[in-house]
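What follows is one structure encoded as structure tokens, with my remarks underneath.
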Amino acid sequence: MNSLQAPVTSLKGVGDALALKLARLRLETVADLLFHLPLRYQDRTRITPIGMLKAGQEAVVEGEVTACDVVKGRRRSLLVRLRDGAGILSLRFFHFSPAQQQQLRPGAQVRAFGEARAGATGLEMYHPEYRLTGNAEPPVEEHFTPVYPTTEGLNQPRLRALVQQALAQLEADPQALPDMIPEPLRERFRLPELQRCLHLLHQPPPDTDLARLASGHHPATRRLALEELLAHQLSLREVRRRIQADGAPVLPSGRNLQARFLTQLPFSLTGAQRRVLDEIAHDLACPAPMLRLVQGDVGSGKTVVAAMAALSALSGNCQAAIMAPTEILAEQHYRNFCTWFEPLGIDVAWLAGKLKGKARLDAKAAIADGRAQMVVGTHALFQGDVHFHRLGLAIIDEQHRFGVHQRLALREKGEAGGLTPHQLIMTATPIPRTLAMSAYADLDVSVIDELPPGRTPVKTVVVPDERRPEVVERIRNACSEGRQAYWVCTLIEESEVLQCQAAEATLEELTQGLPELAIGLVHGRMKAAEKAEVMEAFKAGEVDLLVATTVIEVGVDVPNASLMIIENPERLGLSQLHQLRGRVGRGSTESFCVLLYHPPLTNGTRKRLGVMRETTDGFRIAEKDLEIRGPGEVLGTRQTGLAQMKVADLERDADLLDQVSALARTMQEQAPEAAPELIRRWLGEEAGRYGQV
Ligand code: ADP
Ligand code: MG
């Protein structure tokens, strides 16, 4: 057993109670303490003359007590005046004991550490750490003093002492924490050695550049950040390797079936769709599971690509399943696939969380015995109680956040015959290349970089809400010419109830203003069947105007709708606005999007809405979004695991990502044994286990 893997209770003075507190910080082993890095540092390496102290500065001062009094202000406190040759400072204690009062009597020599602030008596330190100094002067610190993230009931000195014990243990047994990046690679990538970094970060010598440490740009921090990103990337690659070590059904292109499908379509595929389909066909013909992400802007025609891929699976006597993130979208896919596939003699089944009772049992039975060839649904599809007869292809729509664990779980869905299904993930969220390499190191990426012909870009206008009556007139005109419109009520502070109420109020108001129109309503609190009915009526042209919450954000496709009003667009992010706007501009008539905002606009919002007015290009919008919101938000890092990073920060360390990818590839070739150890070190035991096959 590696000595650093010993539990924290193996350290001196750590009992169960302390171990519990440490566990709150996710510190379970001695090694965890080594990787628990300081938030910041204090300079206790020298004594600052009182006269040179500035408000806000943390410093060690030393002097003689000249007065010690209990003073009554708003709060009773003990006020100690401390003087050195250069100035006078007050130490103030709101909680104090008679013993302290006695200790700090005039004439006492005191050394104190704290933050100086401007107080009632000039510069003051509240509750400084202090000790009496005598002749046997204790030395000042040799290193900068680390301040760690901590938890209630665990003070800094205690935590510091524990880290010191861990460091001592490391020094006694350096073999216990080998540098997993081999030396030649460290040299090539100019990375300082691991243990040196740890020592430096826990006890920086006085010549260390504290500013660089604080900003995270010190080489020691960078080395650890890089190692952490590397561990994440290796774990994704391990997941990929592990999935691909399984067998997958070899699927023929299904050319016959596909050709029959294509002749039914009222259009021919774009070049980009054909190219991506070739890439998919190539993967499906291999005996290892496909792991492919298809990126294509809103309206680029991903559904048809999914359908074509599904036909390959069906031709290979396998089932195919498509999962959508919302019930509305799943419903729409269901309708599409029924229209497309039933004429080809293919059975399409439907399964969502809200399907209950006998209907649910029937659907599950058809999926289990293989009668259902094409299965459409929500995440309910991939839950434990759903068994497939022979799932050959799992398609995940608009779920770029579909995580690694879910991908691993999909392996079990192909169980019969011991084959793992191919995986196709489709997203309209374009991600800059370097980020994609980190977040999706386990996926191959295809891009549909062309929109179907004949689309006229949506014209976007930004209008303050006092011009609402004009906007209502605009709807009247569009609908009188046979076109349809959306009115989108945006989120009110995370409350679905309020959002739905707002939509209902809007419905009422618009119904009064536009009595001649058929107006429908969809929101998240309606029953699935009700939603479906309204969507159906809208699609059939029976509803002119659809008032909706952001439930229609993703995927909904009604080509005759050419006008969209988005109320309070200032509440939404760019990607979301882009997704919403993508609901119009799907037919050949010119489409408009009205961003009806509530003044005044902040500068940031003005900029965001300006981006929407200027471009309909999803990649440009994504880049802007990334600039404005940062990678964490854009990627939905919680599920990619990138959110729980200890040292690395995707924004600050974005420039490391290229290096990380190169290093990951090289290490897989040259030091494959390093991956499980690095993964365990940074992502924990559990991830370490799935890193080992
Ligand atoms: P998304 O990529 O946003 O999921 P969809 O698959 O919903 O886009 O397709 C948007 C619309 O474009 C649909 O009405 C679809 O039938 C149509 N479409 C798809 N491919 C083509 C094509 N090659 N030519 C013309 N229209 C197409
Ligand atoms: Mg779609």
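Would you check which residues across segment 450-461 are away from ligand 2 (no atom under 16 Å from the Cβ) and either surrounded by fewer than 19 Cβ atoms within 10 Å (Cβ to Cβ) or more than 30 Å from THR605 (Cα to Cα) (or both) and list them?
PRO453, GLY454, THR456, PRO457, LYS459, VAL461
For (1) touching a Gly at 6+ places or on another chain (Cβ under 7 Å); (2) without any contact (Cβ under 8 Å) to a residue 12 or more places away in the chain; (3) surrounded by fewer than 22 Cβ atoms within 10 Å (Cβ to Cβ), each residue gets a yes or a no:
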site	(1), (2), (3)
GLY353	no, no, yes
ALA359	no, yes, yes
GLN373	no, no, no
HIS389	yes, no, yes
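For segment 592-603, does any single residue satisfy the condition of being part of a helix (DSSP H, G or I), over 26 Å from GLN484 (Cα atoms) and either touching a helix residue (DSSP H, G or I) at 6+ places or on another chain (Cβ under 8 Å) or open to solvent by less than 40 Å² (accessible area, probe 1.4 Å) (or both)?
No, because not a single residue in segment 592-603 is part of a helix (DSSP H, G or I), over 26 Å from GLN484 (Cα atoms) and either touching a helix residue (DSSP H, G or I) at 6+ places or on another chain (Cβ under 8 Å) or open to solvent by less than 40 Å² (accessible area, probe 1.4 Å) (or both).
Would you pick out the residues in segment 576-588 that are surrounded by fewer than 24 Cβ atoms within 10 Å (Cβ to Cβ) and away from ligand 1 (no atom under 13 Å from the Cβ)?
If the condition is that a residue be surrounded by fewer than 24 Cβ atoms within 10 Å (Cβ to Cβ) and away from ligand 1 (no atom under 13 Å from the Cβ), then GLN576 is the only one that fits.
Output the number of the condition that ALA116 fails; it satisfies all remaining conditions of (1) in contact (Cβ under 8 Å) with a residue 24 or more places away in the chain; (2) out of contact with any strand residue (DSSP E or B) (no Cβ under 7 Å at 6 or more places or on another chain); (3) of a type in the set (Gly, Ala, Ser).
Among (1) in contact (Cβ under 8 Å) with a residue 24 or more places away in the chain; (2) out of contact with any strand residue (DSSP E or B) (no Cβ under 7 Å at 6 or more places or on another chain); (3) of a type in the set (Gly, Ala, Ser), the lone unmet condition for ALA116 is (2).
So, in segment 242-259, of the ones that are touching a strand residue (DSSP E or B) at 6+ places or on another chain (Cβ under 8 Å) and not aliphatic (A, V, I, L, M), which residue ends up most open to solvent (accessible area, probe 1.4 Å)?
Step by step, filter segment 242-259, then rank; the result is GLN244.
Within segment 8-123, considering only strands (runs of 3 or more DSSP E) that don't extend past its boundaries, which have at least 3 residues that are over 22 Å from GLN203 (Cα atoms)?
Output list reads 58-72, 76-84, 87-93, 109-119.
Name the single residue, out of those in segment 518-545 being over 19 Å from THR339 (Cβ atoms) and among the acidic types (Asp, Glu), that is modelled with the lowest pLDDT.
GLU530
Within the group LEU79, LEU132, LEU104, which residue is touching a helix residue (DSSP H, G or I) at 6+ places or on another chain (Cβ under 8 Å) and among the hydrophobic types (A, V, I, L, M, F, W, C)?
The match here is LEU132.
For segment 282-310, what are the residues that are surrounded by fewer than 19 Cβ atoms within 10 Å (Cβ to Cβ) and assigned to a helix (DSSP H, G or I)?
Once the filter is applied, which keeps residues that are surrounded by fewer than 19 Cβ atoms within 10 Å (Cβ to Cβ) and assigned to a helix (DSSP H, G or I), segment 282-310 yields only HIS282.
Checking the conditions here, which among THR602, THR616, THR640 is among the β-branched types (Val, Ile, Thr), modelled with pLDDT of 85 or more and within 25 Å of the chain's Cα centre (by Cα)?
Within the list THR602, THR616, THR640, the selection yields THR616.
Sort out which residues of segment 264-273 are of a type outside the set (Gly, Ala, Ser) and at pLDDT 95 or above, and write them in order of number.
LEU269, THR270, GLN273
Test of understanding: among GLN103, GLN164, which residue is open to solvent by 70 Å² or more (accessible area, probe 1.4 Å) and either modelled with pLDDT of 95 or more or touching a Pro at 6+ places or on another chain (Cβ under 6 Å) (or both)?
GLN164
Are there any pairs with C-beta distances below 6 angstrom linking a residue in segment 580-602 that is on the phi > 0 side of the Ramachandran plot to a residue that is of a type in the set (Ser, Thr, Tyr) and crowded, with 21+ Cβ neighbours inside 10 Å, with the two at least 6 apart or on different chains, and if so which?
Taking only residues 6 or more apart or on different chains, the pairs are GLY585/SER591.
Report yes if some residue within segment 400-413 is among the basic types (Lys, Arg) and over 22 Å from ALA441 (Cβ atoms); otherwise report no.
Yes - at least one qualifying residue is present in segment 400-413.
Sort through ARG46, ARG40 and tell me the only one that's within 34 Å of the chain's Cα centre (by Cα) and either closer than 23 Å to THR221 by Cα or open to solvent by 40 Å² or more (accessible area, probe 1.4 Å) (or both).
Step by step, each of ARG46, ARG40 is checked, and only ARG40 is within 34 Å of the chain's Cα centre (by Cα) and either closer than 23 Å to THR221 by Cα or open to solvent by 40 Å² or more (accessible area, probe 1.4 Å) (or both).
Take the residues in segment 299-355 that are within 15 Å of ligand 2 (Cβ to nearest atom) and of a type in the set (Ser, Thr, Tyr), then tell me which one is farthest from PHE619 (Cα to Cα).
Checked segment 299-355; the qualifying residue farthest from PHE619 (Cα to Cα) is TYR334.
Only one residue in VAL276, VAL304, VAL239 is within 29 Å of the chain's Cα centre (by Cα), under 20 Å from GLU342 (Cα atoms) and not aromatic (Phe, Trp, Tyr). Which one?
Criteria check complete, one pass: VAL304.
Give all pairs with beta carbons closer than 6 Å in which a residue from segment 257-269 that is of a type in the set (S, T, N, Q) meets a residue that is surrounded by fewer than 11 Cβ atoms within 10 Å (Cβ to Cβ); count only pairs at least 6 apart in sequence or on separate chains.
Listed by first residue and then by second, the contacts come to nothing, as the list is empty.
Report, by residue number, each residue of segment 541-575 that is at positive phi and crowded, with 23+ Cβ neighbours inside 10 Å.
Within segment 541-575, just GLY555 meets the criteria.
For segment 551-575, enumerate the residues that are touching an Asp or Glu at 6+ places or on another chain (Cβ under 8 Å) and within 16 Å of ligand 1 (Cβ to nearest atom).
Across segment 551-575, the qualifying residues are VAL554, GLY555, SER562, SER575.
Table: residues versus (1) among the acidic types (Asp, Glu); (2) away from ligand 1 (no atom under 16 Å from the Cβ); (3) open to solvent by 10 Å² or more (accessible area, probe 1.4 Å); (4) under 19 Å from GLN319 (Cα atoms).
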position: GLN233; (1), (2), (3), (4): no, yes, no, no
position: ARG240; (1), (2), (3), (4): no, yes, yes, no
position: PHE261; (1), (2), (3), (4): no, no, no, yes
position: GLN273; (1), (2), (3), (4): no, no, no, no
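Determine which member of the set SER90, SER10 is open to solvent by 60 Å² or more (accessible area, probe 1.4 Å), of a type in the set (Ser, Thr, Tyr), out of contact with any helix residue (DSSP H, G or I) (no Cβ under 6 Å at 6 or more places or on another chain) and more than 20 Å from PRO146 (Cα to Cα).
SER10
Exactly one condition in (1) open to solvent by 30 Å² or more (accessible area, probe 1.4 Å); (2) farther than 21 Å from THR589 by Cβ; (3) out of contact with any His (no Cβ under 6 Å at 6 or more places or on another chain) is not met by ILE519; state its number.
Of the numbered conditions (1) open to solvent by 30 Å² or more (accessible area, probe 1.4 Å); (2) farther than 21 Å from THR589 by Cβ; (3) out of contact with any His (no Cβ under 6 Å at 6 or more places or on another chain), the odd one out for ILE519 is (2).
Hey, among THR263, THR221, THR270, which residue is within 30 Å of GLU142 (Cβ to Cβ) and among the hydroxyl-bearing types (Ser, Thr, Tyr)?
Exactly one residue qualifies, and that residue is THR221.
List pairs: first in segment 198-216 and among the charged types (D, E, K, R), second part of a loop (DSSP other than H, G, I, E, B) and surrounded by 14 or more Cβ atoms within 10 Å (Cβ to Cβ), Cβ under 7 Å, 6+ apart or cross-chain?
ASP209/HIS218; ARG212/HIS218
The values are calculated or read from the model by the stated rules, or taken from the named source; none is laboratory data. Not measured: the values here are computed from a predicted model. Counting neighbours? That spans all protein chains shown, and the Cβs are built from the backbone with ideal geometry, glycine included. Keep in mind that these areas ignore ligands, DNA and RNA; they rest on the heavy atoms of the full protein, side chains included. Shrake-Rupley method; radii C 1.70, N 1.55, O 1.52, S 1.80 Å.
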